[in-house]
Amino acid sequence: MVGPRLYSCCNCRNQIALHDDVISKSFQGRNGRAFLFSHAMNIMVGPKEDRQLMTGLHTVADVYCCDCREVLGWKYERAYEETQKYKEGKFILEKSKIVKENW
């Protein structure tokens, strides 16, 4: 039986996100392409900090794999510009930090 398509940590293969939760694949992370997800699982969220990103100032928190502590991306906690509010509560996961499972 085949399970749902999902993404796992590139380091330890801990399940991180479902393919169905991908909102966009056209985001930029620290190290290249990144995906915007509505949900993430098996992660830890670090302290909040204000960060100047390509789309303006945001309050973000780095997200880590809960098993191996690999930094996978960040969570948008607050967007200061009205046009960016849709990102609040969502997750950026860097393509280089996740691998496909059950594809």
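The values are calculated or read from the model by the stated rules, or taken from the named source; none is laboratory data. This structure is a prediction, so every number in the text was calculated from the model and none was measured. Every residue, glycine as well, gets a Cβ built from its backbone with ideal geometry; the counts of neighbours run over all protein chains shown. Side chains are part of the model used for accessible areas, which takes the heavy atoms of the whole protein and leaves out ligands, DNA and RNA. Shrake-Rupley method; radii C 1.70, N 1.55, O 1.52, S 1.80 Å.
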Q. So how far apart, in nm, are the two label points at GLU88 and ASP20 if each is 7 Å from Cα heading toward Cβ?
A. 2.7 nm
Q) When all protein chains stay in place, what accessible area (Å², nearest 10, 1.4 Å probe) is found for ASP67? A) 100 Å²
(Q) Restricting to DSSP loop positions (anything but H, G, I, E, B) with no more than 15 other Cβ atoms inside 10 Å of their own Cβ, which trypsin sites (Lys or Arg not before Pro) remain in the chain? (A) ARG5, ARG13, ARG30, ARG69
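When ligands, DNA and RNA are left out and all protein chains stay put, how many square angstrom of accessible area per residue does the chain have with a 1.4 Å probe?
Working: 5750 Å² over 103 residues.
Accessible surface, normalised per residue, equals 56 Å².
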Q. If you take the Cα Rg of the chain and divide it by 2.2 N^0.38 Å, with N the number of residues, what do you get?
A. 1.03
Q) Taking +1 at the Cβ of each Lys and Arg and -1 at the Cβ of each Asp and Glu, which of TRP103, HIS58, HIS39 sits farthest along the dipole of the stretch 11-103 towards its positive end, judged by Cα position relative to the Cα centre? A) TRP103
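Go ahead and run the numbers for FRET between GLU49 and ARG69, Cβ-Cβ distance against an R0 of 22 Å, rounding to 0.05.
Values: r = 18 Å, r/R0 = 0.82.
E(calc), rounded to 0.05, equals 0.75.
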